[in-house]
Every structure is written in structure tokens, then in C-alpha cells.
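Contents: one structure, followed by commentary.
The values are calculated or read from the model by the stated rules, or taken from the named source; none is laboratory data. Predicted model, so just to flag it, every value in this text is computed and none were measured. All Cβ positions, even for glycine, are placed from backbone atoms using ideal geometry, and neighbour counts span all protein chains on display.
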Amino acid sequence: MAGRLSWPVAVAAGIALAVLVLPPAALVLRAPWADLPELLARESVIQALVLSFATATLATAICLVLGVPLAALLARAADWPTLPRRVLRAAVTVPLVLPPVVGGIAMLLLLGRRGPIGRLLEEWFGVTVPFTTGAVVLAQVFVSLPFLVFAVEGALRSADRRTELAAATLGASRWQVFRFVTLPLVAPGVAAGAVLCFTRALGEFGATITFAGSLPGVTRTLPIASYLAMQSDPDEAIALALLLLAVSVIVLLGLRDRWLPGVRA
Amino acid sequence: MTDAAARPDAAGPRPALHADVVVSRGDLEIAAAFDVVPRHPLAVIGPNGAGKSSVLSAIAGLVPLESGRVRIGTRTLDGLPPERRRIGLVFQDYVLFPHLTVRDNVAFATRMRGGRTAARAAADPWLERYGLAPLAGRYPAELSGGQAQRVALARALAAEPEVLLLDEPMSALDVEVRAEMRTELATHVREFGGATVLVTHSPADAAALADSVLVLEAGRVTQRGTLDELRAAPATPYVERMLAASAD
Amino acid sequence: MRRMPPATAPTATRTPRRHLAVAAGILAFATASALTGCASTGASSAASSTGRADVAPTTVTVFAAASLTEAFDTLAAQFEAEHPNVDVVLSYGGSAALAQQVVEGAPVDVFASAAEPPMQAVADAGLAVDPVVFATNTLELAVPAGNPAGITGLDDLANPDLRIALCDPSVPCGAASAELLARQGVGAAPDTLESDVKAVLTKVSLGEVDAALVYRTDVPAAGGEVEGIEVPGAASVVNRYPIAALSEADDAAAADDFVAFVTGPTGREVLADAGFGAP
């Protein structure tokens, strides 16, 4: 294979690989390995870890419940007229290309106490969203939902629509078609999307710190804790970063084997 | 929908199918009207692109009618979704559920009405009947063409349809096994005993599986009768060519 | 004068903000290279590379505490007016984060911190040349315009029903806040601990929090959207702001000139106008 690559391609590919691999490698190399057990046992670290896992898991669950139907709508929209189809697609794409901090500002303006929805929530229910763990989850859902939607939509589009028709002729209602045919057929795509979603939620920083703030145990997730620790205790920051790296790698490796076999063939 | 009706050997009196359908597919408008009585299967025959499959889809409720109506006995199906029509459809390449075993494919219709365990149990007689019991745990990708056809038929009939539609049931099979499978399919269709419509472009399939033939060309019915009647007086050059080719 | 994107404000990606600094550094390097090229041909004296219109342009990159934003914007504009060949590039952020970036090699010529510990970190790394304290600051309660929650004093910060923002204790304004609260015996119930004082102030001006502790200089800087409430004991917790030219400055003379300008009469005046105390 390598023999067929011309040298500029090989060099560029090598540089690209270095760009991807070297920074995490530096993190691993500079990690204070000897102090790591002590660093990772710190309450501030464990607090951030627990918070990050809980919020990212919840965000992924919400993304699954809301994102799969949205993906179904998006896949169905292939038959729509151009304009509404593009508007719908753009609406789902925006959070993907939007800097997360912009998303955070936007959510603050919507759900903050002076925002149109935030004000009503406070007036009617006495609920305030920013600076709560719920705000962390919301921020994570906002940035990670498109990952899930597009993964599932791709799977939906490649699934044979006629299996749904066949199910209908066998007496399956629309919901049953979705539950017993569509959903299992796109399960590999859903799993892949959920993994992407989870890792994205776990790493979410910009929208969270803007919208949810930063309070230990409540809104200070691993990335925020790592960022703040970098100013006062770089070793702790590196330990936290290492933790994030390890979690991402483990999640990716652990779930890969489960979704790859997919539909048995 | 009694328990007795769920068994493969059950054969009570069955209603006739009255179809008068007008559907459009792209630029082509397809119009066909025919009645099919139980135990006298009809073969819809015609060249590729004549609209044969669209007629079946329209009857099954998978594509909307431009006009016309579909009845089973005295029951009007207009506006009913596919899942409430009680029409079994065997797709051209069977379209089995790739994520389900043979047993769960056959049990699918029963599963839609109840629990998984009961549905699996109800599938057993069908699996026996179609010689699928040894394959019950396999997935569709592990089946031969003939096996897949049996599963598709068992799956459709386990839903207790009042009408059975077969779309080119032989075309996905290897040539060597066609004759054998044709005979087998004819037996199953006879056992089903309800109104049956079969789409094909092969007079041999029509001869083995159906009592009469309806010729569809470019969306229009050009001739109707038994194969012998068609041979005696072919209405169009297509009918003439088709019959001549099959005489070999 | 150019303004770099804020160095510590949370940004879109998790990429460290250093990249921005690096980008600016590349720019500065390109400018500096051009300067060197010119200087080798022109045989003029190197007594001072600034202050003369006919000298080739140079850039002074300044990292300054977020609380200095308005004062340094003004100072940089005035400095540039007096030194037409000097372009001042400013980057504001939490002092601790800025110090960290300087230590990690950000191409900076002048560092102005909101407290002494971050400057000490830079000095410990051998990068700061003779830091001098040029201003002081004290804390004040900040509330949204109109004071909707009816905040009256520091004790309100202990009310869990109110929304409170403070600086994180790892940054100078947070350290000062913690000290003030401890001295006054107030157990604050913050809802968020932000990474720099401007982030705290933003939460106040958006009305998202009921009260916050900020530097008294930040209150007028926020315009009409924030009101300040003086608190007893604030005078006892004084933040001392040191400034230093950095030993790795591209143009040491220009950097020294800027430091002298800030610590000189003009600097004193501008800083006093902004509400800073004298050193």
C-alpha cells in the first residue's frame, strides 16, 4: 500500500498523523505518574469525574430519546421540497459548526432569568436553569445531539425501506414498524452515534462554562476542572486531562466491538 | 381470527378480491380492474415496466390510489393502512428482516399482536409445514434463495391474510431450482386457498401457479383469459411473442 | 493598538488559547524579522528604538489582568499616539492563566498582573525583569442595575436563595474575595466560581446573578448595567498590581518604554480615573 503513495502524499499523511498523535503523547509523557494516585484520589478530581459521568450519561440518554426520532424525520425529509428540507438540515447542523461558547451564550439568553423562556420558567415554576447541573446536561445535549442525529440518519437512509413496508403488510402499526424493524436495523448506527454523543458530552467545555458556570460538584465538569487547575496546579490539570483521555479511549475501544458486528451477515 | 385459523392447514371459506385500481408511477398511469375468487389464482403478466408490481402495491395499500377501489368480499379497503388490510405480500426478493432469525421472521405478524413467547410458539407449525424447522435459528443472510422464499411465504401466511399477493416469486431463484420451487409454491398456494394474485413475466410460472392470466402492457390491461385462450387469440404482438418464447 | 482575543475567556474549543497567542506571536515575529532586516541596513543608533517616527515599526505584546481592560485600552492608545512606530497588542484574561501562558512560552513583552503571586510565578521562571507595583484595587459588591434582589451587604452572599457569582479562588480576584469573606466571617454560597473577574461581571450585567464580588474598578467599566455597593472591610484586602517587562521581549526597549509609561504620570492619571488606587 505505502509503495503506491507518492511521496508528497506520504509526507502530508505523516504530518497529519503527527498532528493527531503528538499532543496526546505529550500529555502521557509529561504526566506526573508518581503522584497520579494521589492526584486522582483528590476530592476535587473525583467530584468532577462523577459529575462528568453522570451528566454525560444523562445527556446521551436524552439525545437517544429525542435524537432518534429527529433522525427519522430528517431521513424522511429526503422526499420534502428543497427549502424546508434544507432549513431542517441546517437547524440540526448549526450546533455542530457553532463554537460551543456561542451556544452557551445563546442558551443563557434563552433560558437565563431575563430570557424569554427562562423568565417564564422562573415566574411559573420558580425554576432557574443556569448554574445548575441541569444546565450542564442541557449544554451537553445541545452540542452532542447533532452527532447522534447524523449517525442515526445515515443508518436510516442505508436501511432498506421495503423492510418497513413488509412489516406493515404483516400487521405492524407505524410505531411497531419503528420499534421492531427500523430501530433494530439502525441499532449499529444508534450505538455509534451514542458513543460519539457521550464522548462529545464528556468533553464539552465552552457552552458549559458559559451557560452553567463552574461550581465544584454542581457544574464543574472534568474539562472545566482541568482548565482551572492549569492556572494553579498544572499537575492536577494534567492528571484530569489524562483521565479524560483515558475515558474517551476506553469508551471508544469498549463499544467498538459491540457495534461493529451490527446486523449479522 | 380464531385459533384454528392460525394453523397452516386451516382453510375455511375465503372472500374474493375485487380490485379496480388506478395508480401513477412517474409518468405512467396504471389502470387495472379484476376480480379474483378463492382457489383460482390470477397471474398478472407483462413486460418489464408495465406496472405489474405497482398494481400489487396499490392493492396492499403501500401506494395511494389515484382512483378506484379495492374490496375483499364486502369489506372496502379504501383508506385503510396496509397493516389493517389483511393482505399478505411476498416481495420479489422476499425482503426478510435481516436482524431476525427465521423463527422470528415467521413469528413477526403474531408478535405484533401479542407477546414474544406466544408468537414463537405459534410459528412452530408454520416452520414444520414449510420444512424450515432445522433453519429456525438462522438469519436470512444464511439462507439459500429457495429457503428464503419459503420463509417469506410462511411469514406472509402466518399473518392469516385473506388475500395473498406474490411479486415475481421465482425471479430471485437460481434457474436450476426454479422448476422444483415452482411445484412447491403451487402446492402452498393451493393450500392457502384464498384469493391469490401473482405477478410474473413467465408463462411457465403462470401455467403452474395460476388459473387465468391478465396481461398488462404500459399500464393498460390488453388481454384476459386462460393461457389456452391467449394462445388461441393473442391480442397483441407482446402476447404472441411471449407465448412463442415460452413454447421452447 | 490591537486587541487579541481574551486570553482566558472560555472559547469555542478546548484548544488552549495559547494558539491565539502563538498566532499573534508569528505575526510579531514576522514584524520583528522585517525590523531586523531594516536595522542591519540602517546604521542608526540603537539608543531607543521607539519614540521616533522615522524608526521602523515594532510591536509590544502585553498580557494584562482582565480588570485592567479599560485602563490599558486607554493607555495603549495614548502610548501609540506618543510612539507612532509602536503597535501595542493587548490580551486580557485571568492573571493566573496569563502567567501560566507566559511561563509556557507565550511570546509576550509585558505582563501586568492583578496580584503578586502570578507575577511571582513568572519571576520564578526567570522571565520577569524587576516587577513594580503600579496600582492597587479593592473589592466591591456588584449587582445588576436597579439591584432587583435588594442586596445590602456582604451577608447577602451567604443567602443560598440568591444567585451569587464569585471568582475562583485560584485567580487573584477569587483569592481576594475569599480573604475578604473570611475576614468578615461570611460563609458565601456561590452558584458559580468564574475563571476571571470579567466573566463574573458579565453574569451580573446579564442579570443572571443577584450579586457578585468584583474589583471596584470593574463597576464603572461595566457601564450602566451594573451597580456597585461598597462593603465594610474591603479596604483591608488590597490587591497590588505588578507590571514587568519580560526578559524575552523581542524589543526590550519598547517594552521598557511601555512599562515606564504605565508607571509614569500618564499611567497614574488614567489608572486613577479608572478607580485604581496608587501603589
What about B:Val90, is it within 30 Å of B:Leu243 (Cα to Cα), within 13 Å of chain A (Cβ to nearest Cβ) and out of contact with any Lys or Arg (no Cβ under 8 Å at 6 or more places or on another chain)? yes
Identify, from the list C:Val259, C:Val200, the residue that is buried (at least 22 other Cβ atoms within 10 Å of the Cβ), not small (Gly, Ala, Ser) and not assigned by TED's automatic domain parsing to the domain that holds C:Ala125. C:Val200
Condition set surrounded by 22 or more Cβ atoms within 10 Å (Cβ to Cβ) and β-branched (Val, Ile, Thr), scope the range B:37-56, selection nearest to the other protein chains (Cβ to nearest Cβ): answer is B:Val55
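Restricting attention to the range B:67-86, which residues are out of contact with any helix residue (DSSP H, G or I) (no Cβ under 9 Å at 6 or more places or on another chain) and outside any strand (DSSP E or B)?
B:Gly73, B:Thr74, B:Asp78, B:Gly79, B:Leu80, B:Arg84, B:Arg86, listed by residue number.
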Using the structure shown, decide if A:Arg157 is under 30 Å from B:Ser57 (Cα atoms) and touching a residue at least 24 places away in the same chain (Cβ under 8 Å). yes
For A:Leu96, the lone unmet condition from (1) farther than 19 Å from A:Val218 by Cβ; (2) in contact with a Gly (Cβ under 8 Å, 6 or more places away or on another chain); (3) in a helix (DSSP H, G or I) is (2)
Among the listed residues A:Ala75, A:Ala56, A:Ala48, which satisfies the condition of being away from chain C (no Cβ under 14 Å), surrounded by 19 or more Cβ atoms within 10 Å (Cβ to Cβ) and under 24 Å from A:Thr128 (Cβ atoms)? A:Ala56
Which of the residues that make up the range A:7-34 are assigned to a helix (DSSP H, G or I), more than 28 Å from the chain's Cα centre (by Cα) and within 16 Å of A:Ser226 (Cα to Cα)? none
Candidate set: the range C:179-197, residues that are touching a strand residue (DSSP E or B) at 6+ places or on another chain (Cβ under 7 Å) and at pLDDT below 90; chosen: the one nearest to the other protein chains (Cβ to nearest Cβ): C:Asp196
Just to be sure I understand the filter: pairs with C-beta atoms under 6 Å, separated by 6 or more residues or on different chains, first member in the range A:85-99 and more than 14 Å from chain C (Cβ to nearest Cβ), second member surrounded by 13 or more Cβ atoms within 10 Å (Cβ to Cβ) and part of a helix (DSSP H, G or I). Which pairs pass? A:Arg85/A:Ala77; A:Leu88/A:Ala77; A:Val92/A:Pro146; A:Val92/A:Val149
Long-range neighbours under 7 Å by Cβ, at least six apart or interchain, first residue more than 9 Å from every other protein chain (Cβ to nearest Cβ) within the range A:100-112, second part of a loop (DSSP other than H, G, I, E, B): A:Leu111/A:Val129; A:Leu111/A:Pro130
Collect the residues in the range A:205-229 that are touching a residue at least 40 places away in the same chain (Cβ under 8 Å), in a loop (DSSP other than H, G, I, E, B) and facing chain C (nearest Cβ under 9 Å), keeping them in residue-number order. A:Phe205, A:Ala212, A:Gly213, A:Leu215, A:Pro216, A:Val218, A:Thr219, A:Arg220
When the range B:57-87 is checked residue by residue, the ones that are surrounded by fewer than 21 Cβ atoms within 10 Å (Cβ to Cβ), in contact (Cβ under 8 Å) with a residue 40 or more places away in the chain and away from chain A (no Cβ under 13 Å) are B:Pro64, B:Leu65, B:Glu66, B:Ser67, B:Gly68, B:Arg69, B:Arg71, B:Gly73, B:Thr74, B:Arg75
For the range A:168-189, how many residues are modelled with pLDDT of 90 or more and aliphatic (A, V, I, L, M)? 5
Does A:Leu183 satisfy the condition of being in contact (Cβ under 8 Å) with a residue 40 or more places away in the chain, outside any helix (DSSP H, G or I) and either at the interface with another protein chain (Cβ under 10 Å from one of its Cβ atoms) or under 22 Å from the mean Cα position of the chain (by Cα) (or both)? no
Every listed condition ((1) within 14 Å of chain C (Cβ to nearest Cβ); (2) in contact with a helix residue (DSSP H, G or I) (Cβ under 6 Å, 6 or more places away or on another chain)) holds for A:Ala194 save (1)
Strands (runs of 3 or more DSSP E) contained in the range C:189-275 and holding at least 3 residues closer than 30 Å to A:Leu110 by Cβ and in contact (Cβ under 8 Å) with a residue 12 or more places away in the chain: C:192-194, C:211-215, C:226-229
Given the condition assigned to a loop (DSSP other than H, G, I, E, B), surrounded by fewer than 20 Cβ atoms within 10 Å (Cβ to Cβ) and charged (D, E, K, R), answer yes or no: does some residue in the range A:142-158 qualify? no
Given the conditions (1) facing chain B (nearest Cβ under 10 Å); (2) crowded, with 21+ Cβ neighbours inside 10 Å, report the number of the one that A:Ser173 does not fulfil. (2)
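Quick test for you: out of B:Ala206, B:Ala141, B:Ala186, pick the one residue that is in a helix (DSSP H, G or I), within 14 Å of chain A (Cβ to nearest Cβ) and at pLDDT 90 or above.
Criteria check complete, one pass: B:Ala141.
Among B:Leu62, B:Leu89, which is the only one that is in a loop (DSSP other than H, G, I, E, B) and at pLDDT 90 or above? Please lay out each step first, then the result.
Working: B:Leu89 fails: in a loop (DSSP other than H, G, I, E, B).
Unique residue meeting the criteria: B:Leu62.
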What pairs can you find where one residue is in the range B:158-171 and in contact (Cβ under 8 Å) with a residue 40 or more places away in the chain, the other is of a type in the set (A, V, I, L, M) and in a loop (DSSP other than H, G, I, E, B), and their Cβ atoms are less than 7 Å apart, with a gap of 6+ or different chains? B:Ala159/A:Leu170; B:Glu160/B:Met1
Kindly indicate which of A:Leu202, A:Leu242 is away from chain C (no Cβ under 14 Å), in contact with a helix residue (DSSP H, G or I) (Cβ under 8 Å, 6 or more places away or on another chain) and not small (Gly, Ala, Ser). A:Leu242
Looking only at the range C:151-174, which residues are surrounded by fewer than 22 Cβ atoms within 10 Å (Cβ to Cβ), within 12 Å of another protein chain (Cβ to nearest Cβ) and of a type in the set (Gly, Ala, Ser)? C:Ser170
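Going through the range A:1-42 one residue at a time, which ones are in contact (Cβ under 8 Å) with a residue 12 or more places away in the chain and among the aliphatic types (A, V, I, L, M)?
A:Leu27, A:Val28, A:Ala31, A:Leu36, A:Leu39, A:Leu40
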Give me a count of the residues in the range A:159-180 that are among the acidic types (Asp, Glu) and either assigned to a helix (DSSP H, G or I) or within 27 Å of the chain's Cα centre (by Cα) (or both). 1
Selection status of A:Ala166, more than 14 Å from chain C (Cβ to nearest Cβ), aliphatic (A, V, I, L, M), without any contact (Cβ under 8 Å) to a residue 60 or more places away in the chain and under 30 Å from B:Ala123 (Cα atoms): yes
